[in-house]
Amino acid sequence: MAGEVVIQTRNLSKIYRDFWGRKKVRALNSLTFDVTKGEVFGLLGPNGSGKTTTLKLLLGLLFPTEGEVNILGKPATDVAKNEKIGYLPEESYLYRFLNAEETLDFYGRLFNMSAEVRKERSRKLIERVGLTHARRRQLKEYSKGMTRRIGLAQALINEPELILLDEPTSGLDPLGSRDMKDMIVKLKEEGKTVVMCSHLLADVQDVCDRIAILDGGELKVLGRVQDLLKDQGVTQIKTSHLSDEVVKEVEAVLTRNGAKLLEVDHPTTNLEELFVKTVRESAARPGQRYIPPTPGNTPAA
């Protein structure tokens with residue numbers, strides 16, 4: 001995908017060590033991928049695959065053991081970049097005794113916004129996430145779904161260029177989940193870049209342009225959703241209505257019989273099937289990982 005690179009990782013590895021400095025867990029192994037401006041990028045993987053470690057490295061909360069990661073043209077460890085980043089963690093740790101307006105005002109102060117700007121942005125964001133009716137209720141009275149909504153508003157208070165979302169639809173009912181996905185698509189339309197982790201593969205399939213699947217700390221699959229879900233082993237042809245006799249013939253006969261060829265394509269699977277297949281193949285062939293193409297090499301199978 002061509003465009004301005006917002007996130008760039010190169011051979012990113014992270015090893016967790018015990019108290020004596022001995023190697024305990026290799027959470028990431030030579031992770032390499034780019035995220036470009038204006039796309040919605042999905043980071044998938046089973047528990048323990050390295051998704052959370054990757055997010056923490058992007059935020060600068062952890063230091064890599066090897067490799068490098070750059071965000072918005074700066075090293076991930078440069079705290080100045082955080083002014084342009086919004087983050088919704090899997091569990092929103094918000095002050096339970098503040099209401100929605102007070103919560104957003106508090107986080108606006110952290111970005112040194114004026115009182116007027118804080119008030120206006122808070123009003124718009126509360127309306128955007130559908131909490132106008134509960135704007136003055138304390139967060140301790142919020143449901144899990146309402147907490148996710150105010151968490152998203154908090155992540156957007158600084159009008160970030162890059163938004164990192166960890167399980168954004170967690171705890172939401174079907175309508176709330178649909179609203180959250182619509183808001184993610186809206187962020188993309190506004191030119192924002194979104195990286196999201198989710199165990200709900202249907203949600204990822206609905207909103208993501210590209211996905212990366214991790215397993216065992218290694219990159220197994222990377223690409224556009226619509227390309228990855230195509231079954232390249234099968235070709236389907238869609239045409240206008242044909243008689244039974246013509247259906248028995250091959251494509252060359254279609255034109256001769258006045259049929260209009262509407263589409264020649266590969267049927268698609270779904271993201272759940274791709275995910276399960278990738279993880280099972282990873283278990284069967286440990287150590288095999290996807291290497292994004294660079295000048296001079298082609299991606300690994």
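Would you please name the GluC sites (Glu not before Pro) within the stretch 1-83 that are DSSP coil residues with at most 11 other C-beta atoms within 10 Å of their C-beta?
Sparse-neighbourhood loop GluC sites (Glu not before Pro): 4.
Within 10 Å of each candidate Cβ there may be at most 12 other Cβ atoms; applying that plus a DSSP loop requirement, which trypsin sites (Lys or Arg not before Pro) in the stretch 14-45 survive?
When the trypsin sites (Lys or Arg not before Pro) of the stretch 14-45 are filtered for loop state and at most 12 Cβ neighbours within 10 Å, 22 remain.
For the residue pair residue 291 and residue 175, what label-to-label distance in nm results when each label sits 7 Å from Cα along the Cα-to-beta-carbon direction?
Between residue 291 and residue 175, the label points sit 5.2 nm apart.
Can you give the translational diffusion coefficient of the chain in µm²/s, computed by Stokes-Einstein from the Kirkwood radius over Cα pairs at 37 °C and 0.692 mPa s?
152 µm²/s
Kindly state, to the nearest 0.05, the FRET efficiency for residue 224 paired with residue 123, given R0 = 35 Å and r defined as their beta-carbon distance.
The calculated FRET efficiency here is 0.40.
In whole percent, what relative contact order does the stretch 67-188 give with Cα contacts below 8 Å and a gap of six or more residues?
Relative contact order, the stretch 67-188: 35 percent.
Hey, what angle do you get for helix 115-128 against the long axis of the chain, alpha-carbon based, 0 to 90 degrees rounded to 10?
Tilt relative to the chain: about 40 degrees.
Once you sort the root eigenvalues of the Cα gyration tensor of the stretch 18-143 as a ≥ b ≥ c, which label holds: rounded (a/c under 1.5), prolate (a/b larger than b/c) or oblate (the other case)?
prolate
List the residues of the stretch 22-54 whose backbone N lies under 12 Å from a point placed 7 Å from the Cα of residue 84 along the Cα-to-Cβ direction.
The answer is 37-38, whose backbone nitrogens lie closer than 12 Å to the label point.
So what is the relative contact order for the chain, in percent, with contacts set as C-alpha pairs under 8 Å and at least six apart?
Computed value for the chain: 20 percent relative contact order.
For the pair residue 137/residue 243, report the inter-label distance in nm, with labels modelled 7 Å from Cα in the Cβ direction.
Here the modelled spin labels are 6.6 nm apart.
Expressed as an acute angle from 0 to 90° and rounded to the nearest 10, what is the orientation of the C-alpha long axis of helix 271-284 relative to the principal long axis of the chain?
90 degrees
Ranking 237, 15 by Cβ neighbours within 10 Å, fewest first, what do you get?
Ascending Cβ contact count within 10 Å gives the list 237, 15.
Using 0.36 nm per residue, how much length does the chain from residue 30 to residue 5 gain when fully extended, once their Cα-Cα distance is taken away? Walk me through the numbers on the way to the answer.
Details: separation 25, 0.36 × 25 = 9.00 nm, distance 1.90 nm.
Additional length available on full extension: 7.1 nm.
Please rank 34, 166, 215, 244, fewest neighbouring Cβ atoms within 10 Å first, as an exposure proxy.
The most exposed by this proxy come first: 244, 34, 166, 215.
Mind counting lysine pairs for me in the stretch 162-273? Cα separation below 20 Å, and the two need to be 8 or more apart along the chain or on different chains.
Lysine pairs meeting both conditions in the stretch 162-273 amount to 6.
List the aspartates and glutamates whose Cα sits under 14 Å from the Cα of residue 84, skipping any in the same chain fewer than 8 residues away.
159, 161
In degrees, nearest 10, range 0 to 90: what is the angle between the Cα axis of helix 100-110 and the longest Cα principal axis of the chain?
Here the helix axis deviates by roughly 80 degrees.
Counting DSSP beta bridges in the chain, what percent are antiparallel, to the nearest 5?
On the way: 29 of 46 bridges.
Percent antiparallel among DSSP bridges in the chain is about 65.
If we count other beta carbons within 10 Å of each Cβ, what is the order of 140, 220, fewest first?
140, 220
Output ³J(HN,Hα) for the stretch 173-188: one whole-Hz value per residue in order, computed from phi by the Karplus curve 6.51 cos²θ - 1.76 cosθ + 1.60 with θ = phi - 60°, and x for Gly and Pro.
Karplus values, whole Hz, x for Gly and Pro: 6, x, 5, x, 5, 5, 4, 4, 5, 4, 5, 5, 4, 5, 4, 5.
For the stretch 96-174, what does the alpha-carbon gyration tensor say about shape, rounded, prolate or oblate, given a ≥ b ≥ c as the root eigenvalues, a/c under 1.5 as rounded, and a/b over b/c as prolate?
Judged from the Cα gyration tensor, the stretch 96-174 comes out oblate (a/c at least 1.5, b/c at or above a/b).
Coordinate-derived values only; no laboratory data. Just so we're clear, the structure is a prediction, and the values are computed from it rather than from any experiment. Reconstructed Cβ throughout: ideal geometry from the backbone, glycine too, with neighbour counts over all protein chains shown.
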